[in-house]
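None of the figures in this text is laboratory data; all of them are computed from the coordinates on show. Because the structure is a prediction, the values reported are computed rather than measured. Cβ placement follows ideal geometry from the backbone for every residue including glycine, while neighbour counts extend to all protein chains displayed.
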């Protein structure tokens, strides 16, 4: 068994542990909310800061291309999906409930551990830059949904500015470029906390799995899964080839583009009163399906 297979199976097993703990009533889906907060506000920021702070950033300009490609792919998939759903006469709240799933990917919660496991710190660094696209898309969508369904611009800006991983990237870059020492004790502490992110992320994903969603939203789940897990990475693949992206940059970019929908999509759906039950169903099921599609795409790239 090669290193890629080992890492994929390890991730699947950790997710299965979370699902099993829920099935035997040791943990519940509500416990996942608490674990999510620990990951989001403590462990993941430490992992991101540690990776950026200790990275070799001589290729910074090349790394910045990665989120731009992801965002352009998101725009294409969003426009295509909007036209299809509008032609099928779905109402606006259902359409936008689907669109947020399609353009916001789980580039952090699943993207980080997979790329770290397969490609090490160099892979994680590139995954972090890809994830910047998710934060940008989240902000842009917030503005669009405010204009369409109401809300406050201040609220959207505050939610984005308070996103912990964003500040981890910014501070990591500042401390790296200015060569600011943080001391061995703090460095070790941040490193230890960051190492706890991956297993907790996977267990939390396991707690969130709900197969009953298949019965509620079957046709839309098929549509979103096909667009998100197959068409989206295919579009990114074509753009990357046209721009001459190669080697590790190319591999991480394609893997990140093949990630399932992210939980930030559900946050938008709830905040702007979209069809959030449909959004939730699509997120959970295409996360499960991605456990099949991701290994195939990874072996391809």
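Compute the label zone of residue 179 within the range 43-71: residues whose backbone N is under 18 Å from the point 7 Å along Cα-to-Cβ.
Flagged as within label range: 53-60.
Separation between the residue 13 and residue 162 pseudo-spin-labels, each 7 Å from Cα along Cα→Cβ, expressed in nm?
A separation of 3.9 nm, rounded to one decimal place.
Return a whole-number percent for the relative contact order of the range 8-158, with Cα pairs under 8 Å and 6 or more residues apart as the contact set.
Values: 77 pairs, mean separation 35.8, N = 151.
Value for the range 8-158: 24 percent.
Over the chain, what is the relative contact order in percent, taking alpha-carbon pairs closer than 8 angstrom and at least six residues apart?
Numbers: 374 pairs, mean separation 103.9, N = 301.
With pairs under 8 Å counted, the relative contact order is 35 percent.
Taking 25 Å as R0, compute the FRET efficiency from the Cβ-Cβ separation of residue 296 and residue 246 and round it to 0.05. The partial results should precede the final answer.
Details: r = 21 Å, r/R0 = 0.85.
Result of the calculation: an efficiency of 0.75.
Could you state the angle between the C-alpha long axis of helix 111-149 and the longest principal axis of the C-alpha atoms of the chain, as a value from 0 to 90 degrees rounded to the nearest 10?
Taking Cα atoms only, the helix is inclined about 40 degrees.
Which of 167, 96 has the fewest other C-beta atoms within 10 Å, and how do the rest follow up to the most? Walk me through the numbers on the way to the answer.
On the way: 167 14, 96 24.
Ordered by Cβ neighbours within 10 Å, fewest first: 167, 96.
Can you give the FRET efficiency for residue 58 and residue 79, using 1/(1 + (r/R0)^6), R0 = 30 Å, r = Cβ-Cβ distance, to the nearest 0.05? Mind showing how you got there, number by number?
Working: r = 36 Å, r/R0 = 1.20.
With a Förster radius of 30 Å, E is 0.25.
Given a Förster distance of 35 angstrom, what is the FRET efficiency for residue 26 paired with residue 121, based on the Cβ-Cβ distance and rounded to 0.05? Display every interim value, and only then the final one.
Details: r = 33 Å, r/R0 = 0.95.
Approximately 0.55, to the nearest 0.05.
So between residue 65 and residue 238, what do we pick up on full extension, going 0.36 nm a residue minus the alpha carbon distance? Walk me through the numbers on the way to the answer.
Working: separation 173, 0.36 × 173 = 62.28 nm, distance 1.47 nm.
Taking residue 65 through residue 238 to full extension adds about 60.8 nm, to one decimal.
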